[in-house]
Structures are given as structure tokens and as C-alpha cells.
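Data first, discussion second: the structure below is written as C-alpha cells.
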Amino acid sequence: EEIKETVAESNFSNKAAVNSDDGCGQVKLAYEPTGRYLLHTWQSNESGYEWSNYLLRTINSNGASFSATGSNTRIASTTHNQNPDHIRTVCEPIQQRFVIFSGKDRSVSNQNTCYVGTPSGTSVTFSNKTIVDTTTRECAESDMTFDTTNNMVVVVYGVYNQGLKCVAGTMSNSGTMTWGSNQTIVSLSGNQMDGGVSVEYDSTTDRIVAIW
């Protein structure tokens, strides 16, 4: 009971407004422990157009507050019809970088892509965009995790009228992602991923656990 009270009163006592968009969704967080960077990503609707955004914060040493707050920034500084949508994020702790997966990247005919983000100060530099899956069918639901045994980023994503898929990738020292072949977890018709997808890595058994 004492532990529960400490978590409730201390760890969740700080809050901060992060954006004033018309509407936002697909909110995700990823934490890089070495630099204490917290990356917040979301998709906003601004005057009828969808954009993918991020905000970088630093958590102080006792975890009691945010500091070094950056500003709301586009993940890709392009026009709305060239923007990556349906984004998810995870930290690659070995290289101390973030990986963002886009389930609908308009800049490459709606294929699935990833961007690698390098944090510094109050901003992130996104580069090294790579194709994860060449499907042009919308992948609105996905999730990511990091396999700490094999040092791999794992993406589980739903593809319209195909089903649930997964793919794993490794990051080089320079921050370039190399992806393996995607695997089908379960075949599904229509859009049966509307309820969402969640994935975690179990280091005890070296297994990926997915729920949808």
C-alpha cells in the first residue's frame, strides 16, 4: 500500500500542456535513459490536415519534473500530402536513438517507413528514412518494442485486408536501420485491427508478446 501511495502522489504529480492543436491522437512516449530524454509523438488535425509531430523533454535526476522543454515540431518538414501518418515510437538504447514507424508515409505512396531520431539539447534530428514494408495498404494500428537480448527493434502492425504482421530491424553505429523480412502472425480480412495493437518483449523467455 505504501508503494502504491508513493507512485500515485510522487511519480504522477507533474503535468504540462504540450500542444494546442485542433485535435490529436495516436499519442506515444519513448524514453532514452542515458540522456534522460522523453520523446512524445502524436498526430494532429489542423484545419482538416493531418500532421505528425514530436516534443522532446528531459527528466531531471530525481524524476520529479520536466526540464529543457523543446517546441512542438514536425517529424518531417513537408507539405501535408507528403507527411508520415500513423506513427509509433521506441528507443534504441544501444545507439541512444529513437525509431519512429509510419504506417502510411505519403512521401512514398503510403508505404510503411521508419525514421531514426538523434536527440540533442531540446530537439531531435530525424534522418535515414528506410522502407519497412512496401505495401500501400493503410496500417493504422501498430506498436513497437526493443528486444534487449538480440538488440533488435520489433514492429507489429496490422495491414488492411491482410492481417497482423511483424518485422525486426537492427541499427548500425551510424543510425541506419536494416530490416528483415516481414512475417504474418495471423491472416485477417477487412479492417479487424480497429481495436488497436500492443506488443512487449519478455527478456526471460526471449519472446515477443502481442495482443490485438
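The values are calculated or read from the model by the stated rules, or taken from the named source; none is laboratory data. Just so you know, these numbers come straight off a predicted model, no measurement behind them. Here the Cβ is made from the backbone with ideal geometry for all residues, glycine too, and neighbour counts use every protein chain on show. For the accessible areas, the whole protein counts, side chains as well, though only heavy atoms, and no ligand, DNA or RNA atoms are used. Shrake-Rupley method; radii C 1.70, N 1.55, O 1.52, S 1.80 Å.
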- Do we find a residue being touching a Ser or Thr at 6+ places or on another chain (Cβ under 8 Å), in a strand (DSSP E or B), on the phi > 0 side of the Ramachandran plot and surrounded by 13 or more Cβ atoms within 10 Å (Cβ to Cβ) anywhere in the stretch 114-136? yes
- Message: Residues to consider are E46, E92, E50; find the one that is charged (D, E, K, R) and either closer than 29 Å to S189 by Cβ or open to solvent by 60 Å² or more (accessible area, probe 1.4 Å) (or both).
- Response: E50
- Query: Looking only at residues in the stretch 95-109 that are of a type in the set (G, A, S) and crowded, with 24+ Cβ neighbours inside 10 Å, which one is farthest from the chain's Cα centre (by Cα)?
  - Reply: G103
- Would you please name the residue that is most open to solvent (accessible area, probe 1.4 Å), looking only at residues in the stretch 144-171 that are at pLDDT below 95 and not hydrophobic (A, V, I, L, M, F, W, C)? Y160
- Quick check, is G163 over 22 Å from V27 (Cβ atoms), of a type in the set (G, A, S) and in contact (Cβ under 8 Å) with a residue 60 or more places away in the chain? no
- Complete set of residues in the stretch 23-47 that are modelled with pLDDT of 80 or more and of a type in the set (G, A, S): A30, G35, S44
- Query: From the list T170, T149, which one is out of contact with any Lys or Arg (no Cβ under 7 Å at 6 or more places or on another chain) and assigned to a loop (DSSP other than H, G, I, E, B)?
  - Reply: T149
- Only residues that are assigned to a strand (DSSP E or B), out of contact with any Gly (no Cβ under 6 Å at 6 or more places or on another chain) and not basic (K, R): list them for the stretch 91-111, please. C91, E92, V99, I100, F101, S102, G103, D105, Q111
- Query: Of the residues that make up the stretch 6-22, is at least one on the phi > 0 side of the Ramachandran plot and modelled with pLDDT under 85?
  - Reply: no
